[in-house]
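Here is the structure we will look at, set down as structure tokens.
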Amino acid sequence: MRLHPHLSISLILILILPTLAGATCIEQEWNPSGFDYEFEVIGACECCYGEYCRQGSLIAFWEPHRIIETVKDPYCSPTGSGSLLLSMSADDAGSLDEAFLGGTHADHSNTEGATVFAQVHYLTHPMLDAMIDEFDDMCWESSDNGMEYISETDNEWQEIYSSMWWPEASLFATYPMVETCMADAAMAQFGMPIDVLYWCLGAWGTLFNMNGHFNQDEYTTGNAGLAARTVAHMGRRGLLMDAASVQCYAISMPIWIKSYFKLQPIRPHEHPFKIPIGMDPLFWSEGLNHVDLGGDNFAWLLWRLRICCAS
């Protein structure tokens, strides 16, 4: 008896793909030994709240803010995250759902053209939460809303041409606008990405379209681009705070300021330095994607610049 072609394909997906989807996921709890905040005292400052004023020291430093995972295997957490949002969503997902949500491989064997696709997780961490609370107290600010995001439950992330949150996407995806990113790519090598060109990601590519499909032929770079894209996406969703532009309080950041953020790879291999958005991968990507250590599933520590009046 011959099966209908569509039925045959469905059976293959149900029986085989779910097994492949989670085959290489290695979850290892992230326990950092220390952080380099790069504290700098700029000068004296004063903040007034109505009739009350306080004096302090104006300081600048880099704060470890979030963990961003960019993964080939849906619901995989390379850092062993205890995120309730991630675990509950994974419990609700069926094996067939996971198969269809799977990302691309480093050899691009399942892609058309040079495109990287991955699911992303924008996660908190108990250690980071404790530090953010401590810094908030020191700066007299409320700079974080504690929100998380996972792309597996977001249909917009799966679509190739999705731009619901970005009505300007069609404009900035044009050739002349993409050409302007050459200047940003040059400045990013010196750690100074051009903030007004917010649609540019330096040597990594461009911000649009705002989904999980990234036009990049280098796999590690494509995942870095997706991590950066996630930060911008959180801003448009109202989940990103600017803790550097105003010294006395944090404000919302609907359009991200690239120079306020850096990424540090922590999975599958840990990199010792923070990476400015858009820096050429020749300076940092060598040896990062270890297949035997859960390769193709990445995690990045997101650093956020803070400038505040501490007292």
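If a/c stays under 1.5 just call it rounded; otherwise compare a/b with b/c (prolate if a/b is bigger, oblate if not). Do that for segment 187-261, with a ≥ b ≥ c from the square roots of the Cα gyration tensor eigenvalues.
oblate
I'd like the FRET efficiency for Ile26 and Trp140, computed as 1/(1 + (r/R0)^6) with the beta carbon distance as r and R0 of 45 Å, rounded to 0.05.
About 0.60, to the nearest 0.05.
Using modelled amide H (1.01 Å from N, peptide plane; none on Pro or chain starts), what sits under 5 Å from the amide H of Ile275, excluding residues fewer than 5 places away?
Those lying under 5 Å, H to H, from Ile275 are Leu263, Gln264.
Could you list which residues have their amide H under 5 Å from that of Thr206, counting only those 5 or more apart in sequence or on another chain, with H placed in the peptide plane?
Here Leu201 satisfy the definition.
By a straight-distance test (C-alpha under 17 Å), which aspartates and glutamates pair with Lys72 as possible cross-link partners, with residues fewer than eight away in the same chain excluded?
Glu27, Asp97, Glu98, Asp107, Glu112, Glu152, Asp154, Glu159, Asp217, Glu218, Asp292, Asp296
Once fully extended, how much extra length lies between Ile255 and Met177, figured as 0.36 nm per residue of separation less the alpha-carbon to alpha-carbon distance? Provide the component values of the computation, followed by the final result.
Numbers: separation 78, 0.36 × 78 = 28.08 nm, distance 1.71 nm.
Extending this stretch completely gives an extra 26.4 nm.
Using DSSP to define loop residues, name the chymotrypsin sites (Phe, Trp or Tyr not before Pro) in segment 160-264 whose beta-carbon has at most 12 other beta-carbon atoms within 10 Å.
Answer by residue number: Tyr161, Phe190.
Pop out the ³J(HN,Hα) list for segment 75-89 in order, Karplus 6.51 cos²θ - 1.76 cosθ + 1.60 with θ = phi - 60°, rounded to Hz; leave Gly and Pro as x.
Result, ordered by residue: 6, 6, 10, x, 8, x, 4, x, 4, 5, 4, 5, 5, 5, 5 Hz.
Which parts of segment 220-264 would a label at Tyr49 reach, counting a residue when its backbone N lies under 12 Å from a point 7 Å out along Cα-to-Cβ?
248-250
Of the heavy-atom accessible surface of segment 39-310 (probe 1.4 angstrom), what whole percent is carbon and sulfur?
Working: 6620 of 11290 Å².
Its accessible area is 59 percent carbon and sulfur atoms.
Which FRET efficiency value, to the nearest 0.05, do you get for Met131 and Glu156 by plugging their Cβ-Cβ distance into 1/(1 + (r/R0)^6) with R0 = 30 Å?
Computed FRET efficiency for Met131 and Glu156 comes out at 0.45.
Which of the lysines could a cross-linker span from Lys274 if the Cα-Cα distance has to be under 17 Å and same-chain partners fewer than 8 positions apart are dropped?
Lys258, Lys262
Report the FRET efficiency, 1/(1 + (r/R0)^6), for Gln189 and Val41, where r is their Cβ-Cβ distance and R0 is 22 Å, rounded to 0.05.
0.20
Non-local amide H neighbours of His65 (under 5 Å, H modeled in plane, Pro and chain starts lacking H): which ones?
Result for His65 returns Leu302, Trp303, Arg304.
Let me check the size of segment 39-310 from its C-alpha atoms; what are the radius of gyration and Dmax in Å?
18.7, 64
The values are calculated or read from the model by the stated rules, or taken from the named source; none is laboratory data. Owing to the predicted nature of the structure, the values given are computational and were not obtained by experimental measurement. Backbone-built Cβ (ideal geometry, glycine too); neighbour counts: all protein chains shown. When the accessible area is computed, the model is the full protein with side chains, heavy atoms only, and any ligands, DNA or RNA have been set aside. Shrake-Rupley method; radii C 1.70, N 1.55, O 1.52, S 1.80 Å.
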